[in-house]
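Note sheet for the following structure.
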Amino acid sequence: MPHSVFSLQLTKRQLVPFYNGSKSRMLVKTEAGSTISLPWRVLQPYVTTSGLSGSFVITYDATGKWKEIRKM
C-alpha cells in the first residue's frame, strides 16, 4: 500500500495557532521530498504536554487519498 513518512518537532507555543483556530491545516515535508497538507484534527491525538514530535507514516488508499496516519 502506498505511504509517506514525515517527522515533526513542534513546541506547545508553535501549536497555539491550531488550537485557537487561526490555522486548520499543517504542511509537512515527507522524507521523499513532497509536501502534504494535513487537517490539524488528524495530528491532535499525538500532541503531548511538550508539543508534537515524532515520525509518522501516512497510508493511502487506491485513489491516493490518505487512509490512516500513525506514529512510528
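The values are calculated or read from the model by the stated rules, or taken from the named source; none is laboratory data. All values derive from a computational prediction rather than experimental measurement. Every residue, glycine as well, gets a Cβ built from its backbone with ideal geometry; the counts of neighbours run over all protein chains shown. These area figures cover heavy atoms from the full protein model, side chains too; ligands, DNA and RNA do not enter into them. Shrake-Rupley method; radii C 1.70, N 1.55, O 1.52, S 1.80 Å.
Would you point out which residue out of THR63, THR59, THR48 is open to solvent by 90 Å² or more (accessible area, probe 1.4 Å) and either at pLDDT 95 or above or of a type outside the set (D, E, K, R) (or both)?
When all the criteria are applied, what remains is THR63.
Restricting attention to the stretch 15-34, and to residues there that are open to solvent by less than 90 Å² (accessible area, probe 1.4 Å) and touching a strand residue (DSSP E or B) at 6+ places or on another chain (Cβ under 9 Å), which single residue is farthest from TRP66 (Cα to Cα)?
LEU15
Pairs needed: first member in the stretch 36-47, within 10 Å of SER24 (Cβ to Cβ); second member anywhere, assigned to a helix (DSSP H, G or I) and open to solvent by 20 Å² or more (accessible area, probe 1.4 Å); C-beta distance under 6 Å; at least 6 residues apart or different chains.
That search, which allows pairs on different chains as well, returns TRP40/PHE18.
If you take the residues in the stretch 16-36 that are in a helix (DSSP H, G or I) and not β-branched (Val, Ile, Thr), which one is nearest to SER4 (Cα to Cα)?
Among those that are in a helix (DSSP H, G or I) and not β-branched (Val, Ile, Thr), it is PHE18.
Might you let me know whether the stretch 37-46 holds any residue that is in a loop (DSSP other than H, G, I, E, B) and over 9 Å from the mean Cα position of the chain (by Cα)?
Within the stretch 37-46, not a single residue is in a loop (DSSP other than H, G, I, E, B) and over 9 Å from the mean Cα position of the chain (by Cα).
Taking the condition touching a helix residue (DSSP H, G or I) at 6+ places or on another chain (Cβ under 8 Å), open to solvent by 20 Å² or more (accessible area, probe 1.4 Å) and not small (Gly, Ala, Ser), does VAL5 pass?
When the stated conditions are applied, VAL5 does not pass them.
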